[in-house]
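Okay, so here's the structure we're looking at.
The values are calculated or read from the model by the stated rules, or taken from the named source; none is laboratory data. Everything numeric here is computed off the predicted structure, so don't read it as measured data. Positions of Cβ are backbone-derived with ideal geometry, glycine not excepted, and every protein chain shown enters the neighbour counts. Each accessible area value is taken on the protein alone, full model and side chains, heavy atoms only, with ligands, DNA and RNA left out. Shrake-Rupley method; radii C 1.70, N 1.55, O 1.52, S 1.80 Å.
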Amino acid sequence: MGKAFGRGVSSAYGVIRWLRNIAGAVLLTMTAASAETMTIAALGDSLTAGYGLEQGQGFVPQLEQWLRDQGADVTIINAGVSGDTTAGGLARVGWTLTPDVDAMIVALGGNDYLRGLDPAVSRANLDGILAAGQQANLPMLLVGLEVGTNYGLAYKREFEATYTDLAARYDVPLYPDMFAGIRAENSDLLAFMQSDGIHPSAAGVALIVAAIGPAVLALIADTPQ
């Protein structure tokens, strides 16, 4: 993560603009009479877990509050484990998807990239996670990563294609880059990172949440109540 993810990803900007445009339309579909609180499991790594941040500053609490501020009656389960790879997520998905879970956000792969793991292995693990969600008949949002060329251009292409290919295979929406909100607002990614250059600061998380929030609203709107 950090410098390794590069800067100025223009494709991410277009996604954010599109998501912001549809946010208002999505809210129109969410009535005040919504019967029950929706529960979303956020399956991820340290970026989801809120590594290095005080309670309430991490991705899950900030996203939950953002959604509630938009009128969504939602609870997000923090199923993020620091250091987890896609293999760890696959090992945990079965007991993460309890009967009370209504939808799932899948945000894994950063540690696979940092370790230079074979993208084919990451793909197989993410495939297994999405298959488990599909078997549970859950709406899902797949969160990808746009990475650098540390391991060569071919690696970057194969790694990023994992997310686009699996989103198409399972017919789930794809949010292509976890860090899109930071990239779109400031060319200096590290200005919104913690001192390790890997994990976002509380301010960085706020930018991430504001950008991905509309995609989660759309997930909520597509989830049977």
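Each of residue 196 and residue 165 was given a label point 7 Å from its Cα along the Cα-to-Cβ line. The distance between the two points is 3.0 nm. Note on residue 118 and residue 203: the extension gain reaches 27.4 nm, defined as 0.36 nm multiplied by sequence separation minus the Cα-Cα distance.
Between residue 74 and 38, the built amide H atoms are under 5 Å apart, and every one of these is 5 or more places off in sequence or on another chain.
Net charge within 10 Å of residue 86 by Cβ-Cβ distance, Lys/Arg positive one each and Asp/Glu negative one each, not counting residue 86 itself?
Overall, the nearby charge balance is -3.
Counting 0.36 nm for each residue step from residue 55 to residue 188 and taking away their Cα separation leaves a gain of 45.3 nm. Using a probe of 1.4 angstrom and keeping all protein chains present, the accessible surface of the stretch 81-188 works out to 41 square angstrom per residue.
Kirkwood hydrodynamic radius of the stretch 33-101, from the reciprocal of the average inverse Cα-Cα distance over all distinct pairs: 12.8 Å. Protein heavy-atom surface of the stretch 31-93, 1.4 angstrom probe: 46% of the accessible area is carbon and sulfur, with nucleic acids and ligands not counted.
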